[in-house]
Structure formats: structure tokens, C-alpha cells
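Take a look at the structure set out below.
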Amino acid sequence: MNKQSVLIFKLPELFKILNELKDHLNFNIYNFTEKQEFLNFDKNKYKNYLILTDIKNQIENEKFQLTINKIPDSVHSIIEMINVSLLKQKYSEQSDIIIGQYSIDINSRSIKRNNEILKLTQREIQIILFLKESKSPQNIENLQKKVWGHNSSLETHTVETHIYRLRKKILEKFEDKTFINSTKKGYTI
């Protein structure tokens, strides 16, 4: 799993301290002293990042930003604040995954369209997310390997049964026959 990243903006002393501890941190750190340097940084490359700065150097229109008003008593408390903010960010990102006209909330294991909500199982969420991320149709063998973590020892009817039940739930709740499509090459969303 990729580590989340903390982009430290105009806090050189804090970067120096955290850099000494970097082997013991569960996130990557990057230091920025100039705004242009920060703006040129390819944040798209780092999907999960948090900006750490002080009150006078806040960056407008940045959603995940931890602003330190005063330096806490210990490095441990700073790291704890960062970890809590990263957890909140991850939770928030998992609460609203858009797939077409649907929104998936991994945290509550539900799929929503307009004001209608359908509860799903963990496996159903995994199937949907795997198919969403796939660039091409996925056959039963790929679903077995990637979603179930099994090779060919799993009966193919298990995958087909899960897909059938998932399609049925979506049809009954949202009257959508085309959410999961089946082709000769496999399943797609």
C-alpha cells in the first residue's frame, strides 16, 4: 500500500525534526519553502496528501490541510495530529466514490443514487470497485484472483452467483439493468 504524504509548507524546523524520524513515520514528508515551488509540485502523483502549515501560510482551495496555530508540546503530539488528519482524509475519500450516477460509501457499505440507498456486503463493494478500476472487461478467473484472492480452486459459480445477486439488488432498488454489464470478454461497469 502506498504511504500517504505530508507536504510541509514554510515550516522548515518542523521538517527538519520529522525528517530525522522519517524511518519511523507511516507517511512520506516533503518540504516546501516557496509558494511557487509548492504550486509546481505534481500533487496528482500523490493521491493521498495532507498539507501541513501555519496559520499565516494557509493555502486557499486546498481541502486537506492541517494548520498549526502554535507548536505543540512534543513531536509525538505533532505526529499524532498528522496521523489523525490523514485518517480523516482517508475516511472522507472512502465516503464518496463516484461511479456514473452512483455514489459508493465504503465506510457504510452502501451505494446511493439520488436519495435512494442500498446496503451492500463487503464482497459486493470489492466487486464494484475492482470493476470500476479495470480498464477492460474482467473474466471470472480475474475476479477470483483479484477479489477473492483465489486461483482456480474456487468454483466459478461463486463469482457468477455474487454478480447475479448484486445485479438483482441493483435492479430491484434502482431499476437499473445496465450497472454491471456482461460481455464475451467479461464483466464491466
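The values are calculated or read from the model by the stated rules, or taken from the named source; none is laboratory data. Note that this is a predicted model, so its numbers are computed, not measured. We place every Cβ from the backbone using ideal geometry, glycine too, and count neighbours over all the protein chains shown. We work out accessible area using only protein heavy atoms, side chains counted, and drop any ligands, DNA or RNA first. Shrake-Rupley method; radii C 1.70, N 1.55, O 1.52, S 1.80 Å.
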Calculating Rg and Dmax of the Cα atoms in Å from this structure picks out, from (i) 21.4, 62; (ii) 19.4, 64; (iii) 15.2, 47, entry (i)
For 24, 157, the accessible-area ranking with a 1.4 Å probe, largest leading, is 24, 157
With the 1.4 Å probe rolled over protein heavy atoms, segment 125-189 has an accessible area per residue in Å² of 65
Relative contact order of segment 34-99 (C-alpha contacts under 8 Å, at least 6 apart) in percent is 26
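Give, rounded to the nearest 20 debye, the magnitude of the charge dipole that the chain has about its Cα centre when Lys and Arg contribute +1 at Cβ and Asp and Glu contribute -1 at Cβ. Walk me through the numbers on the way to the answer.
Values: 30 positive and 23 negative charges, 147 e Å.
Charge dipole of the chain: 700 debye, to the nearest 20.
Whenever you get a sec, compute what percent of the accessible area on segment 50-174 sits on carbon and sulfur atoms (1.4 Å probe). All intermediate terms of the calculation are to be shown ahead of the outcome.
Values: 3690 of 7700 Å².
Carbon and sulfur: 48 percent of the exposed surface of segment 50-174.
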Largest fluctuation, 83, 114, 31 only, Gaussian network model of the chain with Cα springs under 10 angstrom, belongs to 114
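222 nm [θ] for the chain, helices only, -39500 (n - 2.57) per DSSP H run of 4+, per residue, to 500?
Numbers: 6 runs with 69 residues, N = 189.
Counting only the DSSP helices, I get -11000 deg cm²/dmol.
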Comparing 19, 139, 69 in a Gaussian network model of the chain (Cα, 10 Å), the one with the largest mean-square fluctuation is 69
In the chain, taking the dipole from +1 charges on Lys and Arg beta carbons and -1 charges on Asp and Glu beta carbons about the Cα centre, the listed residue (182, 68, 55) farthest towards the positive end is 182
In degrees rounded to 10, the 0-90 angle between helix 75-93 Cα long axis and the longest Cα principal axis of the chain is 30
Rounded to whole Å², per residue accessible area for segment 71-112 with a 1.4 Å probe reads 57
In degrees rounded to 10, the 0-90 angle between helix 122-133 Cα long axis and the longest Cα principal axis of the chain is 80
So, over other residues within a Cβ distance under 13 Å of residue 175, counting Lys, Arg +1 and Asp, Glu -1, the net charge is +3
With every protein chain in place, the accessible area of residue 134 for a 1.4 Å probe, in Å² rounded to the nearest 10, comes to 30
